[in-house]
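Undergrad: Handing you this structure, nothing more for now.
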Protein chains: 2
Amino acid sequence: MNSADYLGLPVDVPSTALFTDHYELTMLQAALAAGTADRRSVFEVFTRRLPEGRRYGVVAGTGRVLDAVENFRFDDGVLGFLRDRRVVDEPTLEWLANYRFRGDIWGYPEGEVYFPGSPVLRVEGSFAECVLLETVILSILNHDSAIAAAASRMSAAAGGRGLIEMGARRTHELAAVAASRAAYVGGFEATSDLAAGFRYDIPTVGTSAHAFTLLHDSERDAFTAQVDTLGRGTTLLVDTYDVTEAVRLAVEVAGTELGAVRIDSGDLLLVAHRVRQQLDELGATDTRIVVTSDLDEYAIASLGAAPVDAYGVGTQLVTGSGHPTCSMVYKLVARAHSAAPQAPLEPVAKKSLGSKSSRGGRKWAARRLDEDGVAEAEVVGTGPVPAELAGRQLLVELIKGGEVLAREPLDAVRARHKAARGLLPLSATQLSRGEAVIPTEHVSL
Amino acid sequence: MNSADYLGLPVDVPSTALFTDHYELTMLQAALAAGTADRRSVFEVFTRRLPEGRRYGVVAGTGRVLDAVENFRFDDGVLGFLRDRRVVDEPTLEWLANYRFRGDIWGYPEGEVYFPGSPVLRVEGSFAECVLLETVILSILNHDSAIAAAASRMSAAAGGRGLIEMGARRTHELAAVAASRAAYVGGFEATSDLAAGFRYDIPTVGTSAHAFTLLHDSERDAFTAQVDTLGRGTTLLVDTYDVTEAVRLAVEVAGTELGAVRIDSGDLLLVAHRVRQQLDELGATDTRIVVTSDLDEYAIASLGAAPVDAYGVGTQLVTGSGHPTCSMVYKLVARAHSAAPQAPLEPVAKKSLGSKSSRGGRKWAARRLDEDGVAEAEVVGTGPVPAELAGRQLLVELIKGGEVLAREPLDAVRARHKAARGLLPLSATQLSRGEAVIPTEHVSL
């Protein structure tokens, strides 16, 4: 796979190496000079807390991380830039020219849920090869997991009704592509974003905007133009002028086979009921109602009793419904005392002034279930895994010796998320603010 | 300019055409079939409101919009995708194969401030050629302007002190590059993001993280390794273990020429005072203090009395400090009744159920100043411009007949923002929540 796929563009993109903070390279230079760069090291990605009020997190972006690591190479253009700007010295540039990641990466499989302290990714190798990956790994996981968490809550709130991601215009144009992917993982079914359809094969949908109605001399002309070319199964937008008149006209133009009507403004609960009644009276009993106005998981839930068939969600989805990032960090948790291949790993941790302390040591994680098969604790530990948890371990090997082991179709990831969420206590999908739905227990054996 | 530059990558990216919502293309198909696609049309970008409590907005991303419009082409790969997925029919695909934007774009120059109703961009041409650009234009302006607005507030709060953008790890890897750019427009001076340095020539900075200290057998080893290779002017991170001991050690290792120390946790106000006193007592009176822990504009302001020399800002900057998008919309405001070249433009507007109404007509905008030269109103109108406002008009021509007229260096944009903000009433940069600092007056002559 080349990084064209990674970016979601029909192009060849040779490198992800510059999605990197300057200090990763100066640390590399200093460690190379000091002879400490080759010490075997373990970095872990985790969060200290969930966003306020949230009950679980959703791991998303893992597949994108694998692509980014594979394409993390320093070509001549990049090296020339680093040389011109004197970011690092010549020995470091030579080292970078030969860089590729040759270590191991373990992680929670994409779509899994996580909790505070869950080691969602573990990167092992020399200090030098691992430290460089910090920025791009965090960019991807922090963004994608934030969107997936919002999508998952919306999906739970929607029950079985359709969910369409429509937020491309509310976020950076390439963040939008990743957001569509994360929304799909979290339970959405389709996107408006063509680039997301191109890159990830997510179904794309769309019909028309108010501008299309306003372009024409009358609403009738607009509806006729749309139905003539897109067919009676299309979705007509009925709130440009008067909704009741538009619904009447829509059925007159398209007949009772009209696919759907879309409502994009007003009191959706009230309007949806009125439109449903009107459609039924006109005989368009199979015509669906799609609503799309500034929805979030609370608005979706509040429309649970309304005759709505599908929700289109934009702003609140692609901005993580109040939490556009999820504070994952990438921390050195263990390293060898020397560069000798057999030097044992020793745990390390910052002793912080504030709340930024972390736990040293290379960790495993397992989810303990109660006798009914419902999750009751996230168990995170160092040392041997207790026998009773051995079958419930969460980390899987993703990259071994630099080779990607585990790529999977997005539908499998989506199914995994649904299954993982289904094993959580029922209160996981309550929308009210609360604590993590299961506690994280730290053990050290 | 090719889209490699657009993406901030050392590559050739042929097209931005898929950063587009599905419905833009189905509307195109329907308008082509109905014979309405060639009606001359005017679309405007504006917001109905500022984010809650904000007093002004900042236009950012205009330069990226110009690149995106220039690179909006449908090549064979893209057309093949659209055909395979049956997004549009064959006549529409043929039309797209020849697409390039040949219309005109006017807009607020990048870096300007804006208010509710300000027509920050105006796109004119056939309906077909203009409607396609909606999604990518909004993606760019909504994202970049949100970041620039947060940056501007932080810059005002920081007074003359240094501001470093460090948020790459908290947002999508390419959104991060655009965020660095927008932060620079808003008043930041440097970034940690190497891709932003590569693409936009923004100064990049960085030294070391806690992992570097933890890699070494002692803090002394770590400091020595860093100073040996990066020089005494480097910034040492002093809060891995004990701050007082670390500051003592830092000056011992680097001498009083030590460039700076960085504090990344704890009560920054208290710690900064203590560290300053210690540095001064050690004779390191020129050693600067950089702080970097979860800062936003309020935290920056609250450190105004602390002996801090520079702020590194991450999460809150790249997520727009609570407002990661800015609700700009792209609305058809006027169109001709026929495709005849001389057909007059007629204003159009949605009559909405809720608060989504808009004002029809092709608009001009001017900022009226009081006798002291301070802005007192944003005047937005249709029809002729009043003589007294003719010299204060805000829109400039950016693209004419499809050709980009106005590219400018980012430093000019940054200077423009500073100047524009400086003409606002003093209360503009108050951090307390309030209304837009000047009213928007709508006139129609």
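The values are calculated or read from the model by the stated rules, or taken from the named source; none is laboratory data. These numbers were taken from a predicted model, which means no experiment stands behind them. Positions of Cβ are generated from backbone atoms using ideal geometry, with glycine treated the same way; all protein chains shown enter the neighbour counts. Side chains included, ligands, DNA and RNA excluded: accessible areas come from the protein's heavy atoms. Shrake-Rupley method; radii C 1.70, N 1.55, O 1.52, S 1.80 Å.
Undergrad: Given the criteria open to solvent by 10 Å² or more (accessible area, probe 1.4 Å) and either outside the structural domain of B:Ser338 (by TED's automatic domain parsing) or more than 20 Å from B:Ser15 (Cβ to Cβ) (or both), does B:Trp106 qualify?
TA: Yes.
Undergrad: Ok, one more. Provide a single number: the residues in the stretch A:161-210 that are among the β-branched types (Val, Ile, Thr), within 7 Å of chain B (Cβ to nearest Cβ) and farther than 20 Å from B:Arg85 by Cβ.
TA: Matching residues across the stretch A:161-210 total 1.
Undergrad: Name the single residue that is farthest from the other protein chains (Cβ to nearest Cβ) among those in the stretch B:51-97 being under 30 Å from B:Pro116 (Cα atoms), part of a helix (DSSP H, G or I) and aliphatic (A, V, I, L, M).
TA: B:Leu66
Undergrad: Assess whether B:Leu332 counts as being over 27 Å from B:Ala157 (Cα atoms), open to solvent by less than 50 Å² (accessible area, probe 1.4 Å) and under 26 Å from the mean Cα position of the chain (by Cα).
TA: Spelling it out, B:Leu332 is indeed over 27 Å from B:Ala157 (Cα atoms), open to solvent by less than 50 Å² (accessible area, probe 1.4 Å) and under 26 Å from the mean Cα position of the chain (by Cα).
Undergrad: Which of the residues that make up the stretch B:216-229 are part of a loop (DSSP other than H, G, I, E, B) and either aromatic (Phe, Trp, Tyr) or more than 7 Å from chain A (Cβ to nearest Cβ) (or both)?
TA: Matches in the stretch B:216-229: B:Ser218 only.
Undergrad: Turning to a different aspect of this structure: Does the stretch A:273-312 hold any residues that are out of contact with any Phe, Trp or Tyr (no Cβ under 8 Å at 6 or more places or on another chain) and open to solvent by less than 10 Å² (accessible area, probe 1.4 Å), and which are they?
TA: The answer is A:Val275, A:Leu279, A:Ala284, A:Thr287, A:Ile289, A:Glu297, A:Ala306, A:Val308, A:Ala310, A:Tyr311, A:Gly312.
Undergrad: Continuing with this model, one more query. Residues to consider are B:Gly125, B:Gly117; find the one that is open to solvent by 10 Å² or more (accessible area, probe 1.4 Å) and either within 14 Å of another protein chain (Cβ to nearest Cβ) or under 14 Å from the mean Cα position of the chain (by Cα) (or both).
TA: After ruling out the rest, the residue left standing is B:Gly125.
Undergrad: Here's something else I'd like to know. Which of (1) more than 7 Å from every other protein chain (Cβ to nearest Cβ); (2) in contact with a Ser or Thr (Cβ under 8 Å, 6 or more places away or on another chain); (3) within 16 Å of A:Ala168 (Cβ to Cβ) is the odd one out, the single condition A:Leu237 does not satisfy?
TA: Exception for A:Leu237: condition (3).
Undergrad: For A:Asp372, state whether it is closer than 30 Å to A:Asp201 by Cβ, open to solvent by 30 Å² or more (accessible area, probe 1.4 Å) and without any contact (Cβ under 8 Å) to a residue 60 or more places away in the chain.
TA: For A:Asp372, the condition - closer than 30 Å to A:Asp201 by Cβ, open to solvent by 30 Å² or more (accessible area, probe 1.4 Å) and without any contact (Cβ under 8 Å) to a residue 60 or more places away in the chain - is not met.
Undergrad: Here is a further query. Looking at B:Val45 and the list (1) within 22 Å of the chain's Cα centre (by Cα); (2) assigned to a loop (DSSP other than H, G, I, E, B); (3) within 12 Å of chain A (Cβ to nearest Cβ), which single condition is not satisfied?
TA: The failed condition is (2).
Undergrad: Please indicate, with yes or no, whether at least one residue in the stretch A:279-295 is under 30 Å from B:Ala209 (Cα atoms) and in contact with an Asp or Glu (Cβ under 7 Å, 6 or more places away or on another chain).
TA: The answer is no, given that none of the residues of the stretch A:279-295 is under 30 Å from B:Ala209 (Cα atoms) and in contact with an Asp or Glu (Cβ under 7 Å, 6 or more places away or on another chain).
Undergrad: Is at least one residue of the stretch A:196-219 over 28 Å from the mean Cα position of the chain (by Cα), at pLDDT 95 or above, among the small types (Gly, Ala, Ser) and over 28 Å from B:Ser139 (Cβ atoms)?
TA: Checked against the condition, which is being over 28 Å from the mean Cα position of the chain (by Cα), at pLDDT 95 or above, among the small types (Gly, Ala, Ser) and over 28 Å from B:Ser139 (Cβ atoms), the stretch A:196-219 yields at least one hit.
Undergrad: What pairs can you find where one residue is in the stretch A:242-263 and among the β-branched types (Val, Ile, Thr), the other is assigned to a loop (DSSP other than H, G, I, E, B) and open to solvent by 20 Å² or more (accessible area, probe 1.4 Å), and their Cβ atoms are less than 6 Å apart, with a gap of 6+ or different chains?
TA: Every condition considered, the pairs that remain are A:Val251/A:Leu282; A:Thr256/A:Gly283.
Undergrad: Now a separate question. Specify which of the listed residues (A:Val247, A:Val253, A:Val261) is crowded, with 23+ Cβ neighbours inside 10 Å, part of a helix (DSSP H, G or I) and either away from chain B (no Cβ under 11 Å) or at positive phi (or both).
TA: None of the others qualify; the one that does is A:Val247.
Undergrad: Also: Taking the stretch A:123-164 as the search range and keeping residues that are of a type in the set (Val, Ile, Thr) and not in a helix (DSSP H, G or I), which one is farthest from A:Val291 (Cα to Cα)?
TA: In this case the residue turns out to be A:Val123.
Undergrad: A further question follows. Buried (at least 17 other Cβ atoms within 10 Å of the Cβ) and not hydroxyl-bearing (Ser, Thr, Tyr), is that true of B:Glu346?
TA: It is false that B:Glu346 is buried (at least 17 other Cβ atoms within 10 Å of the Cβ) and not hydroxyl-bearing (Ser, Thr, Tyr).
Matching residues to (1) open to solvent by less than 30 Å² (accessible area, probe 1.4 Å); (2) touching a strand residue (DSSP E or B) at 6+ places or on another chain (Cβ under 9 Å):
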position	(1), (2)
A:Ala365	yes, yes
A:Gly381	yes, yes
A:Glu388	no, yes
A:Leu395	yes, yes
A:Glu408	no, no
A:Ala420	yes, yes
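Undergrad: Considering every residue within the stretch B:170-182, establish whether at least one is in contact with a Pro (Cβ under 8 Å, 6 or more places away or on another chain) and more than 16 Å from B:Thr292 (Cα to Cα).
TA: Yes - at least one qualifying residue is present in the stretch B:170-182.
Here's the yes/no breakdown for (1) open to solvent by 10 Å² or more (accessible area, probe 1.4 Å); (2) within 21 Å of B:Phe43 (Cα to Cα); (3) among the basic types (Lys, Arg); (4) not assigned by TED's automatic domain parsing to the domain that holds A:Leu295:
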residue	(1), (2), (3), (4)
A:Ala168	no, yes, no, no
A:Tyr184	yes, no, no, no
A:Arg199	yes, no, yes, no
A:Phe212	no, yes, no, no
A:Asp221	yes, yes, no, no
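Undergrad: Moving on to the next point. Among (1) in contact (Cβ under 8 Å) with a residue 24 or more places away in the chain; (2) under 19 Å from A:Ser358 (Cβ atoms), where does B:Thr234 come up short?
TA: For B:Thr234, the exception is condition (2).
Undergrad: Whether any residue in the stretch A:325-335 is touching a Lys or Arg at 6+ places or on another chain (Cβ under 9 Å) and small (Gly, Ala, Ser) is what I want to check.
TA: yes
Residue-wise test of (1) assigned to a loop (DSSP other than H, G, I, E, B); (2) over 26 Å from A:Leu445 (Cα atoms); (3) in contact with an Asp or Glu (Cβ under 9 Å, 6 or more places away or on another chain).
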residue: A:Val379; (1), (2), (3): no, no, yes
residue: A:Pro384; (1), (2), (3): yes, no, no
residue: A:Leu389; (1), (2), (3): no, no, no
residue: A:Ile399; (1), (2), (3): no, yes, yes
residue: A:Ala420; (1), (2), (3): no, yes, yes
residue: A:Ser427; (1), (2), (3): no, yes, no
residue: A:Ser432; (1), (2), (3): yes, yes, no
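Undergrad: Sticking with this structure for a sec: Please tell me if A:Thr213 is without any contact (Cβ under 8 Å) to a residue 60 or more places away in the chain and more than 7 Å from every other protein chain (Cβ to nearest Cβ).
TA: yes
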